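Engineer: I'd like to ask some things about the structure below.
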Amino acid sequence: KLASPTPIANFGHPNIVDCVAFQPAPGGNLLASGGHDGKIRLFDLAKKAQIKEINAHTAKEGLMIYTVVFTPDGKQILSSGYDNSLKLFDIGAGNMVREFKAFKVKDFEKGHTEPVFSAAFSPDGKFLASGSSGLERVIKIWTVGDGNVVRDLENPGIKTPPKTPAQSHPNFIYQLRFTKDGRLITIGDAPLNKG
C-alpha cells in the first residue's frame, strides 16, 4: 500500500526478476513476473501465492525474459526475451498459443535479430508492438492473429549506412505503450545519455 513503508506481500524468486505486469480487469487478480530463469510466474494477489509457472524461454534459446504483458482481455500473457522472440501463452492451460518468431534465414526473415526488450498490445488486441536492443534497435508491428510482421517503424532522423535495415531508436528500446486511441509511444537510450 502506498501509504505504508511495509510491503503487504513478498513474492520470492530463485533468480533475477526483470519484469512484472498486473492482469487487467475484469479478472485483475493476477501478477505475472519474468526473469533470468526463462520462466513466467503467475501469482494470485488475493491468496498472495504463486499459482502457475510457465517455461517460456529455454536454455537452448537463451533464458532471460525482459517483458511480460497481458492481452487487453487478460486471458493470455506474452513474454519477450534474449532469444529474439516473443511468445503468447494461455493463462488457464499454460500452453503456448503463438510464437512471434526470431529472424532465421530462409525461414522467417522478418523477425528480430537481437534480444527483445519491450512489447505492448494495441487497445483492441489485434496488433503487437515489439522493440529490440543490440544493433537492431527496431520496433516491429505484428498481427496477433497470425504472428506476421506488418511493418518495421523507421525513424527518419537516424542515418543508417546503405543496405542496412532502418532503425527506430538510436539505441536500445526499453518500453512501448499504446494510448487508448491507438497511438504508440516508445522510450529508449541514446548516445551520450540522451534518452
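The values are calculated or read from the model by the stated rules, or taken from the named source; none is laboratory data. All of these numbers come straight from a predicted model, not from anything done at the bench. So basically every Cβ, Gly included, is an ideal-geometry build from the backbone, and we count neighbours across all protein chains shown. Surface accessibility is based on the protein's heavy atoms, side chains included, excluding ligands, DNA and RNA. Shrake-Rupley method; radii C 1.70, N 1.55, O 1.52, S 1.80 Å.
Engineer: With every protein chain left in place, what is the accessible area of HIS13 in Å² (1.4 Å probe, nearest 10)?
Structural biologist: 60 Å²
Engineer: Using a 1.4 Å probe, what is the accessible area per residue for the chain, in Å²? Provide the component values of the computation, followed by the final result.
Structural biologist: Working: 11000 Å² over 195 residues.
Per residue, the chain has an accessible area of 56 Å².
Engineer: Based on the Cβ-Cβ distance from LYS126 to THR58, what FRET efficiency comes out when R0 is 30 Å, to the nearest 0.05? Please report the intermediate quantities before stating the final value.
Structural biologist: Numbers: r = 29 Å, r/R0 = 0.95.
The formula returns an efficiency of 0.55 here.
Engineer: Would you please name the trypsin sites (Lys or Arg not before Pro) within segment 86-150 that are DSSP coil residues with at most 16 other C-beta atoms within 10 Å of their C-beta?
Structural biologist: Details: sites: LYS87, ARG98, LYS101, LYS104, LYS106, LYS110, LYS126, ARG137, LYS140; in loops: LYS101, LYS106, LYS110, LYS126, ARG137.
Within segment 86-150, the qualifying trypsin sites (Lys or Arg not before Pro) (loop, at most 16 other Cβ atoms within 10 Å) are LYS106, LYS110, LYS126.
Engineer: Another question, if that's okay. Please report the spacing between the Cα centers of segment 142-173 and segment 1-68 in Å, no decimals.
Structural biologist: Segment 142-173 and segment 1-68 have Cα centres spaced 29 Å from each other.
Engineer: Right, here's the next one. Under the rule of at least 5 residues apart or a separate chain, name every residue whose amide H is placed under 5 Å from the amide H of GLN167.
Structural biologist: ASN155
Engineer: Between ALA190, ALA166, VAL116, whose Cα lies farthest towards the positive end of the dipole of the chain when Lys and Arg beta carbons carry +1 and Asp and Glu beta carbons carry -1, centred on the Cα centre?
Structural biologist: ALA190
Engineer: In a Gaussian network model over the chain where Cα atoms closer than 10 Å are linked, find which of PRO26, PRO170, PRO123 has the largest mean-square fluctuation.
Structural biologist: In the Gaussian network model the winner is PRO26.
Engineer: Next question. Over the alpha carbons of the chain, what is the largest minus smallest coordinate on each principal axis, giving the biggest first in Å?
Structural biologist: 56, 38, 35
Engineer: List the GluC sites (Glu not before Pro) within segment 63-152 that DSSP assigns to loop and that have no more than 11 neighbouring Cβ atoms inside 10 Å.
Structural biologist: Numbers: sites: GLU99, GLU109, GLU136; in loops: GLU109, GLU136.
Loop-located and lightly packed - GLU109.
Engineer: Where nothing but the Cβ of Lys and Arg (+1) and of Asp and Glu (-1) is charged, how large is the charge dipole of segment 49-165 around its Cα centre, in debye to the nearest 20?
Structural biologist: Numbers: 15 positive and 14 negative charges, 47 e Å.
Dipole size: approximately 220 debye.
Engineer: At q = 0.11, 0.16, 0.21, 0.26 Å⁻¹, what log₁₀ I(q)/I(0) does a Debye calculation on the Cα points of segment 1-87 give, no solvent, two decimals?
Structural biologist: Once normalised to I(0) and log-transformed, intensities are -0.30, -0.62, -0.98, -1.29.
Engineer: Still on this structure, I have one more. Place a point 7 Å from the Cα of ARG151 along the Cα-to-Cβ direction; which residues of segment 95-129 have their backbone N under 15 Å from it?
Structural biologist: The answer is 127-129.
Engineer: From the Cα gyration tensor of segment 94-195, with a ≥ b ≥ c the square roots of its eigenvalues, which class applies: rounded if a/c is under 1.5, or else prolate if a/b is larger than b/c, or else oblate? The partial results should precede the final answer.
Structural biologist: Details: a/c = 1.84, a/b = 1.24, b/c = 1.48.
Taking the square roots of the gyration eigenvalues as a ≥ b ≥ c, segment 94-195 is oblate.
Engineer: Can you give me the % of accessible surface on the chain that is carbon or sulfur? Probe 1.4 Å, all protein chains present, nothing else counted.
Structural biologist: 55 percent
Engineer: Of HIS57, PHE70, ASN84, which is farthest along the charge dipole of segment 7-139 in the positive direction, counting Lys and Arg as +1 and Asp and Glu as -1 at C-beta?
Structural biologist: Working it through, the farthest residue towards the positive pole turns out to be PHE70.
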